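To keep things clear, I will list the structure first and then write my remarks on it.
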Amino acid sequence: MSLVLNFWLRVTSLFSGFGEQFRAMNKWQRYSAYGLGVVALYLLPYWPDVPVLGQIVNTPGSQFETVLNDQVVIFVLIALGLNVVVGIAGLLDLGYVGFYAVGAYVTAILTSAHGNLPWLLALPIAVVISMLFGVILGTPTLRLRGDYLAIVTLGFGEIIRLTAKNMDWLGASRGISNIKKPPSMFGLKFGVLDAKPYFYLGLTMVFIVIFILHRLEYSRVGRAWVAIREDEDAAELMGVNTFKFKLWAFTIGAGIGGLAGVHYAGKVGFINPDNFPLQLSILFLAAVVLGGSGNMYGAILGGILVAYMPERLRNFSDKRILVFGIVLVLMMVFRPEGILPKRVGNEHKKRRAKSQEGEVAS
Amino acid sequence: MPDWLIIRTFWELTVTGLALGSIYALVALGYTLVYGVLRLINFAHSEIFMVGTFGALLASSQFLSIPLLEDGNYPYRTGMTLIIFLVFIMLIAMLFSGIGAVVLERVAYRPLRGNGDAFGAVVLAFLTAFIVSLVFVDQAKINVIIALLATTPISYAYLRFFKQGRKAPRLAFLISAIGASTAISEAVGVWSKHGRDQYQTPRLLEKKTLFTMFGTDVRIDYAIVIVGALLMMIALTLFVNKTRLGRGVRAVAQDAETSRILGVNVDLIIIVTFALGGVMAGGAAMLFTLVYDQTRFNIGFILGVKSFTAAVLGGIGNLKGALLGGLLLGLVENYGSAIFGGQWKDVIAFVVLLVVLMFRPTGLLGESLGKARV
Amino acid sequence: MSEVLLDFNNVTMQFGGVTALNEVSLQIKQGEILGLIGPNGAGKTTCFNVMTGVYAPTLGTVSFEGKNLAKLKRFEITKVGIARTFQNIRLFSEMTALENVMVGADARKKASVGGAILRTSRQRHEEKESRERSMELLQFMGISDRAETAARNLPYGYQRRLEIARALATEPKLLCLDEPAAGFNPAEKEELNELILKIREQGYTVLLIEHDMNVVMKVSDRVAVLDFGQKIADGLPADVRNNPAVIAAYLGVEDNAS
């Protein structure tokens with residue numbers, strides 16, 4: 001019995017121990033560690049060429065950089081966005097795939113079906129329209145409490161897909177093809193075969209989103225979100241305009257989902273309603289919960305795992321959804337807070353207040 | 001379209017809408033019962049329904065050995081044989097769904113309440129071992145067995161000794177429900193005989209016109225569905241209102257803590273609640289196969305979403321609400337798809353839900369089993 | 001001293017058939033400490049909830065500095081200048097003590113999403129102000145040594161005081177304390193008394209709902225008594241203590257019990 005406990009503590013301390021060491025470094029050491037990490041991430045497509053590491057990371061049966069972009073980057077973006085809604089503000093959204101679809105469809109409409117705009121111009125328009133959809137859906141529904149919100153958002157996701165499927169203007173079930181690709185920039189050419197430029201672009205999007213979300217999280221807005229998640233009534237009585245901040249969470253989440261859709265549409269060049277099934281919403285949610293709902297880095301980890309593991313471990317690819325279903329149940333039983341649980345407070349404040357013993361995450 | 005045809009279509013749509021609505025209502029009861037007692041959306045209830053349809057399929061094609069076609073014709077039965085067969089199939093479907101619901105509760109929900117039992121722990125430990133062997137071990141049989149043997153006792157011990165008494169947050173229950181739902185449906189999709197393909201169920205009943213009303217032929221299978229659903233609902237209402245266990249269900253729905261203090265065995269009541277919901281879903285499943293003659297691993301999902309919509313529409317936690325919501329949804333969907341086209345059917349259902357919730361945030365009849373939330 | 005801050009005018013509150021408050025009139029004057037007492041179920045907490053906008057009164061009006069509160073949303077009432085604590089502690093348990101107080105301080109701030117993303121100078125200024133003010137309040141309440149601890153891991157006494165700090169951070173004119181001494185031992189109650197007096201010295205008006213007669217009688221300038229949803233007495237602590245109706249309704253019961 002104590003053996004099991006000991007083992008478990010060791011496994012979990014692998015994560016937290018690393019964090020402690022990291023926090024103990026001085027400013028310059030930390031910045032250079034960050035820098036190295038970023039470079040290593042941009043070099044990810046070349047990892048399979050590294051002798052031993054390559055053996056471990058490479059995906060059998062599919063091209064590594066395609067997996068990185070089409071699966072991992074998309075899932076990470078989406079997990080980041082959904083984490084704002086579900087993890088930080090505590091609003092259960094089961095129709096997140098809807099915003100992803102809106103982003104992709106707006107890009108498709110503007111650059112191919114009903115317009116001839118360049119991708120780069122479609123990007124901001126699609127993100128803004130996704131956010132608008134967030135407002136349109138959020139305004140009537142965010143007054144509802146948890147469970148009702150879940151079912152209504154689920155319905156919303158389905159409405160989007162069915163509308164796309166049944167309207168000729170949206171390409172019906174044929175979908176929309178010839179979506180424009182991102183323009184060449186910084187010496188990168190966005191073609192059909194090479195996925196690497198898309199990955200660099202997507203990774204850059206991820207960094208921008210992290211930057212924005214980090215600023216939001218450690219501000220008045222982030223505090224309001226967490227307060228709403230913890231106790232909505234108390235938050236409102238402490239002067240938090242709960243409706244406004246819930247709507248912001250929803251809108252920002254929608255915008256990030258839309259961004260992922262834009263990136264996806266630009267890469268594949270062809271979309272149809274079957275790319276956006278309801279089950280995808282559940283995989284997205286699985287990513288956030290698995291990694292650690294409420295912790296941005298947890299959500300990223302979850303996104304990576306959900307997207308990458310099935311590609312790496314091909315021997316269960318047909319059982320992929322089954323495995324996620326079971327893992328979700330097991331996760332809730334064994335570790336409801338996810339692999340990287342949310343932290344209370346933020347790290348640089350903790351270092352300053354070292355005088356007292358911390359008893360966080362007990 | 002001439003006027004008389006519209007009228008005629010209207011009544012036809014009403015009959016088929018009521019039949020579909022009856023099935024929604026029966027499944028909705030399961031959501032409502034569990035929500036009333038645990039304040040939990042039993043997201044996996046849709047798969048309990050799906051399991052019921054497979055129960056009905058097994059009962060007719062395996063237990064009764066009825067083929068899909070006999071000498072090129074449907075295997076019609078008549079008279080007493082038909083009635084006995086139908087009742088038998090329904091009982092088996094109910095059994096499948098009922099057991100499914102109870103197992104689901106003990107594996108996916110009860111451990112989260114902090115009082116998991118040995119049964120749940122065994123299943124969870126086995127599932128853990130299964131995942132470990134699938135993900136980390138190559139497919140050689142002996143390695144899989146070693147992984148199973150090594151992992152099962154460890155996770156069992158962990159569950160029994162470290163997870164007792166810890167109640168998970170509300171969101172965790174819903175996620176667990178979503179996971180269980182996905183897992184059950186996929187398990188059937190992966191391991192059943194024809195996998196993800198559609199299954200035909202034997203058609204025992206000749207679908208003749210039973211009588212004509214307002215110029216519309218009412219087919220016998222629709223009549224059976226509507227009457228059968230009503231009878232089951234009456235039986236459920238009697239059970240909840242007149243029996244000791246039913247009183248327990250209502251007491252726990254009112255206030256679980258107080259009930260526990262007053263000596264109600266809350267865990268038993270929860271099992272009963274799940275079993276009741278499962279039995280209703282099983283009945284619905286059999287009636288479903290009677291009308292549509294088919295099933296599939298993912299058949300529960302959209303029907304479950306619709307039924308939950310029906311429950312919310314009527315006021316979740318409220319038995320009458322489930323009936324009202326189910327019938328209403330069936331009708332609205334049918335009329336709506338006649339006006340806008342069948343491809344918009346699901347959209348209409350969700351739009352109706354949205355509109356109702358905007359004006360009545362707790363559904364048409366309100367949350368009666370449950371208390372209003374502060 | 002004599003300016004009326006909060007005016008409770010003939011307020012009736014009904015839940016279904018149950019009348020929780022029956023034509024209660026009550027005035028809270030600028031700068032005083034008003035004790036509101038009454039036996040269990042007398043309607044004290046309902047009074048509170050009507051005041052802070054949790055319930056809208058069935059009949060009658062509540063006005064604050066002459067402004068009717070009926071039309072205001074809950075968070076707007078906080079901004080008008082009423083803050084409260086909760087009888088059953090309702091902190092944001094996954095936030096640190098400091099962050100809990102900062103949520104309160106944020107009520108007076110303006111920077112929103114745009115400001116946070118761009119880190120405008122106003123946003124940085126507000127953020128600094130919030131943090132410093134919140135730290136001051138934690139020091140004032142004597143709990144700054146645990147500023148970075150998650151609220152759920154704080155000892156009970158700290159949690160109670162953190163609730164007061166969070167309410168004070170919203171810069172209220174009227175601070176409503178709902179049984180702040182619940183679960184305290186006599187020494188802690190003594191400390192709390194001093195704290196409440198200190199809060200008043202800072203210029204806050206205090207409404208105190210309390211079960212414990214010692215606390216109420218010691219710190220209150222004036223005491224109002226509720227019984228069965230009706231106000232049965234209102235006056236100086238000494239007078240209320242000797243009021244026969246009050247003794248019958250409340251003190252007598254309390255004396256017998258103790």
* Hey, rough spin-label estimate for A:TYR297 and C:SER93, points 7 angstrom out along Cα→Cβ, what's it come to in nanometres? -> 2.5
* To do: With +1 on each Lys and Arg Cβ and -1 on each Asp and Glu Cβ, and nothing else charged, work out how big the dipole of region C:101-258 is about its Cα centre, in Debye to the nearest 20.
  => 920
* Asked: Distance from the Cα centre of region B:271-285 to that of region A:24-57, in angstrom?
  -> 54
* Between A:ARG143 and C:ASN40, what FRET efficiency comes out of the Förster formula 1/(1 + (r/R0)^6) with R0 = 30 Å and r the beta carbon distance, rounded to 0.05? -> 0.35
* Using alpha carbon centroids, what distance separates region C:131-194 and region C:110-124, in Å? -> 29
* Could I have the simple spin-label model distance between C:ASN9 and C:GLU132, label points 7 Å from Cα toward Cβ, reported in nm to one decimal? => 4.2
* Rg followed by Dmax, in Å, when region A:63-354 is reduced to its Cα trace -> 18.7, 63
* **Under the span-like rule (Cα at least 18 Å along the axis, Kyte-Doolittle mean at least 1.6), DSSP H helices of chain B** => B:79-104, B:118-136, B:220-242, B:266-292, B:299-314, B:345-359
* Which residue, A:ALA33, A:ALA113, A:ALA126, has the most motion in a Gaussian network model of chain A that connects Cα atoms within less than 10 Å? -> A:ALA33
* **Kyte-Doolittle mean at least -1.0, axial Cα span of 24 Å or more - DSSP H helices of chain A** => A:2-24, A:119-141, A:146-166, A:196-217, A:242-268
* Asked: Does region A:198-339 come out rounded, prolate or oblate by the C-alpha gyration tensor, with a ≥ b ≥ c the root eigenvalues, rounded set by a/c under 1.5 and, if not, prolate when a/b is larger than b/c and oblate if not?
  -> oblate
* **Dipole of chain B, positive direction: furthest Cα of B:PRO67, B:ALA275, B:GLN200, with charges on the beta-carbon** => B:ALA275
* **Most to least accessible of C:GLU23, A:GLU158 (protein chains only, probe 1.4 Å)** => C:GLU23, A:GLU158
* Structure fact -> Largest-first ranking of C:ARG160, C:ARG131, C:ARG122, B:ARG244 by accessible area, probe 1.4 Å, whole protein assembly kept, is B:ARG244, C:ARG122, C:ARG131, C:ARG160
* Structure fact -> Hits for chain C under the membrane-span-like helix rule (DSSP H, Cα axial span at least 15 Å, Kyte-Doolittle mean at least -1.0) are C:156-169, C:186-201
* Taking the dipole about the Cα centre of region A:63-354, with the C-beta of Lys and Arg at +1 and of Asp and Glu at -1, give me whichever of A:ALA299, A:THR163, A:LEU91 is farthest to the positive side. => A:ALA299
* To do: Consider all pairwise Cα distances in chain B and report the whole-number % of them above 34 Å.
  => 32
* Residues with amide H under 5 Å of A:THR59's amide H, sequence separation 5 or more or different chain, H placed in the peptide plane at 1.01 Å from N; which? -> A:PHE64
* Structure fact -> Calculated from DSSP helices alone, with each H run of at least 4 adding -39500 (n - 2.57) and the total divided by the residues of the protein assembly as shown, [θ]222 nm to the nearest 500 comes to -19500 deg cm²/dmol
* To do: Could you point to the residue in B:ALA256, B:LEU353, B:GLY325 farthest towards the positive end of chain B's charge dipole, with +1 and -1 charges on the Cβ of Lys/Arg and Asp/Glu respectively?
  => B:ALA256
* Alpha-carbon centroid distance for the pair region A:152-199 / region B:318-351, whole angstrom -> 31
* Asked: How many nm is it between the label spots at A:ASN26 and B:LYS193, if each spot is 7 Å from the Cα in line with the beta carbon?
  -> 7.4
* Asked: Which shape class, rounded, prolate or oblate, goes with region C:48-159 when its Cα gyration tensor gives a ≥ b ≥ c as root eigenvalues, a/c under 1.5 marks rounded, and past that a/b bigger than b/c marks prolate?
  -> oblate
* Using only the Cα atoms of the protein assembly as shown, each taken as one equal point scatterer with no solvent, compute I(q) by the Debye sum, divide by I(0), and report log10 of the ratio at q = 0.05, 0.08, 0.10 Å⁻¹. => -0.35, -0.90, -1.32
* In the protein assembly as shown, what % of DSSP beta bridges are antiparallel (nearest 5)? -> 65
* Over 30 Å (Cα to Cα) - which of A:LYS342/C:LYS189; C:LYS67/C:LYS109; A:LYS180/B:LYS306; C:LYS128/C:LYS173 fall in this group -> A:LYS342/C:LYS189; A:LYS180/B:LYS306
* Given the protein chains as shown and a 1.4 Å probe, how many square angstrom of C:SER93 are accessible, to the nearest 10? -> 40
* Solvent-accessible ranking of B:HIS45, C:HIS125, largest area first, probe 1.4 Å -> C:HIS125, B:HIS45
* To do: Find out how many positive minus negative residues lie around A:TRP119, taking Lys and Arg as positive, Asp and Glu as negative, among other residues whose Cβ is under 11 Å from that of A:TRP119.
  => +3
* Asked: Could you list log10 I(q)/I(0) for region C:1-52 at q = 0.20 Å⁻¹, which the Debye formula gives when each Cα is one point scatterer?
  -> -0.74
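The values are calculated or read from the model by the stated rules, or taken from the named source; none is laboratory data. Computed from a predicted model, the values in this text were never measured in an experiment. Cβ: placed from backbone, ideal geometry, glycine included. Neighbour counts: every protein chain shown. SASA here: full protein model, heavy atoms, side chains in, ligands and nucleic acids out. Shrake-Rupley method; radii C 1.70, N 1.55, O 1.52, S 1.80 Å.
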